[in-house]
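Written out below as C-alpha cells is the structure these notes cover.
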Amino acid sequence: MGSDKGILTGKKILLGVTGGIAVYKAVELVRLFKGLGAAVRVVMTENACQFVTPLTFQAISGEKVLTDLFDPASELAIGHIELARWADVLVVAPATANTIAKIAHGIADDYLTTVVVAATCKVLVCPAMNTKMYQNPVTQNNLELLKGYGYCVIGPGKGELACGDKGPGRLEDLEIIAEHVISALTQKSLEGKRVLVTAGPTWEAFDPVRFFTNPSSGKMGYAMAKIAWRRGADVTLVSGPTWLDAPHGVKCKKVKSAEEMCDAVVAEYGDTDIVVMAAAVSDYRPKHFTPSKIKKGEDDVVLEMIRNPDILKKLGSAKVHQILVGFAAETDELIENAREKLVSKNLDMIVANDVSAPQAGFRCDTNIVKILYKSGEIEELPCMSKEDLASEIWDRIENL
Ligand code: CTP
C-alpha cells in the first residue's frame, strides 16, 4: 500500500459504519483511504456510535460525520441524496448482519441505508460479525442477494473473533479492502483477458544448500501483476523466490529453477492472452546436482554449467494469438541488445533497462526504461516508481 500513496487523489469515498466491535478498525480504514489521496466522508448508524464516537471519525476524516437523517443542519450542509451522488464508491465496513439484511431487502430506515438505496456508484460491503451469525443461512442468503444485485462483498476474514469464537466473521484485512476500493475505481480495461506474468530470480542449485542466482527482487513483475488485476484481468503470476507477498487477487505459482519456471509458464500458455516475462531467468545451471552437501577440500573446484531453456524464445516460436512482452536487462548497448532480443524472441514489445544505472534495475524501487516496439518505434520514459511504470507499460500493452 505504501507505494500506492496518492493513487486515489481526486476520488471520493463514502464510508458507512455500522454497529459491531470492528468499528474501531474503520477509523484506521479512513486513515488508509486518506493516505491514498481520497476525500472521505463517514456515515454512521446509531449502533456504530455506541462503539466509537462520531467525533473520532470527524477528526480523522476532516469532515462532519452524518448520523441522523432528520438533522436539519446536516441536511442543509449536504443532503443524503446529494451525498449518494457525491460518492465515487461507497464502502460499508463493518457491515453487520442487520444492515446486510436491510440492504438486501431495500429497507431504508436510517441515514446509511437510505444513502445505499440512493447510490448509483459501486457499493462494497464488508461483513463483520460472529461466526454463527455469518453462517446463518439467512445471512448467507442475504449476501447472495447482495451479490446478485451487483454489490461487491469483501471478506469476511477468518480467525479469532472478539466473542472468543474462531472462524469466518472478522472484518477483512484493511489493505485488502483498500485494494478492492482501488480496483473499483480503476477502469476495467483488461476485463476478460488472461494475463501471465513472471517475476523474480531463479535459483539453480548444485547441492541442497547452495545455488546460483541474481539480485532480482521481483518488484517489477509483482507490480505488473497487481496493476493487471486492478484493471480486471485474470492474472497468474509465476514467481521465482522473493520476499514479496503475492498481490491480492492474483493466482501465484512459486517456482525455484528456470526449468520449473519454464514448465509452469508453458502449462498456462495456451489459454493466455498476454505474457509479461519480467523474471530474471538464469541462462545456465550447474550440470550436476549433488544430493548431499559438497564438503570443502584442499583443491579448487570447477563447476560445469549448462544452458537453461530460453522460456521467452520458446513462447515466441509457439506464438498463436498471444501478445508477448519481454524485459531486457543490459549494462551495455541497451538499444541494440534489446532490439536483438525483440526480434529473436518474436516479441511485440520489450522494456529495456540499463541495470547498472543508478535508480534503475535490480532491487531498486524505481526504474528508467526505454520501450522498443515491433514496429521499430522506441519510446523513452523518465525515472518513476515500478508501480507507476507498471501502469505506463500496461497502457502501452493495451494499445498494441
Ligand atoms: N528470458 C527467458 N528465459 C531465459 C532468459 C531470459 O525467458 N533463459 C527472458 C527474460 O525474462 C526477459 C527476456 O528473456 O524477458 C530477456 O532476458 P535477459 O536476461 O535480458 O536476456 P537473455 O535473453 O538472457 O540474454 P543475455 O543474458 O545474453 O543478455
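The values are calculated or read from the model by the stated rules, or taken from the named source; none is laboratory data. None of the values given here were measured: they were computed from a predicted structure. Positions of Cβ are backbone-derived with ideal geometry, glycine not excepted, and every protein chain shown enters the neighbour counts. Just the protein is used for accessible areas: all its heavy atoms, side chains included, with ligands, DNA and RNA removed. Shrake-Rupley method; radii C 1.70, N 1.55, O 1.52, S 1.80 Å.
If I ask for residues that are of a type in the set (Asp, Glu), under 22 Å from Val320 (Cβ atoms) and in contact (Cβ under 8 Å) with a residue 40 or more places away in the chain, which ones from segment 248-274 would you list?
Within segment 248-274, Glu268, Asp271, Asp273 qualify.
For Gly249, indicate whether it is within 13 Å of the ligand (Cβ to nearest atom), surrounded by 16 or more Cβ atoms within 10 Å (Cβ to Cβ) and either closer than 27 Å to Asp395 by Cα or modelled with pLDDT of 95 or more (or both).
Answer is no for this residue.
Every residue in segment 169-216 that is in a loop (DSSP other than H, G, I, E, B), open to solvent by 10 Å² or more (accessible area, probe 1.4 Å) and within 25 Å of Glu268 (Cβ to Cβ), please.
Across segment 169-216, the qualifying residues are Thr186, Lys188, Ser189, Glu191, Gly192, Lys193, Trp203, Thr213, Asn214, Ser216.
Among the residues of segment 114-141, count how many are more than 22 Å from Leu14 (Cα to Cα) and not in a loop (DSSP other than H, G, I, E, B).
Qualifying residue count for the region: 10.
Inspect segment 50-61 for any residue being open to solvent by less than 10 Å² (accessible area, probe 1.4 Å) and under 25 Å from Asp173 (Cα atoms) and give the result as yes or no.
yes
Considering only segment 282-295, I want to know if a residue exists there that is within 16 Å of the ligand (Cβ to nearest atom), at pLDDT 95 or above, open to solvent by less than 40 Å² (accessible area, probe 1.4 Å) and closer than 22 Å to Cys364 by Cβ.
Yes, because at least one residue in segment 282-295 is within 16 Å of the ligand (Cβ to nearest atom), at pLDDT 95 or above, open to solvent by less than 40 Å² (accessible area, probe 1.4 Å) and closer than 22 Å to Cys364 by Cβ.
Okay, residues lined up against (1) out of contact with any Pro (no Cβ under 7 Å at 6 or more places or on another chain); (2) at pLDDT 95 or above:
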site: Gly6; (1), (2): yes, no
site: Thr9; (1), (2): yes, yes
site: Thr18; (1), (2): no, yes
site: Leu29; (1), (2): yes, yes
site: Leu32; (1), (2): yes, yes
site: Gly35; (1), (2): yes, yes
site: Glu46; (1), (2): yes, yes
site: Thr53; (1), (2): yes, yes
site: Asp68; (1), (2): yes, no
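What are the residues in segment 346-369 that are among the charged types (D, E, K, R), open to solvent by 40 Å² or more (accessible area, probe 1.4 Å) and within 13 Å of the ligand (Cβ to nearest atom), if any?
Listed by number, the list holds a single entry, Asp354.
Test each condition in (1) closer than 20 Å to Trp229 by Cβ; (2) open to solvent by less than 90 Å² (accessible area, probe 1.4 Å) for Asp271 and report the one that comes out false.
(2)
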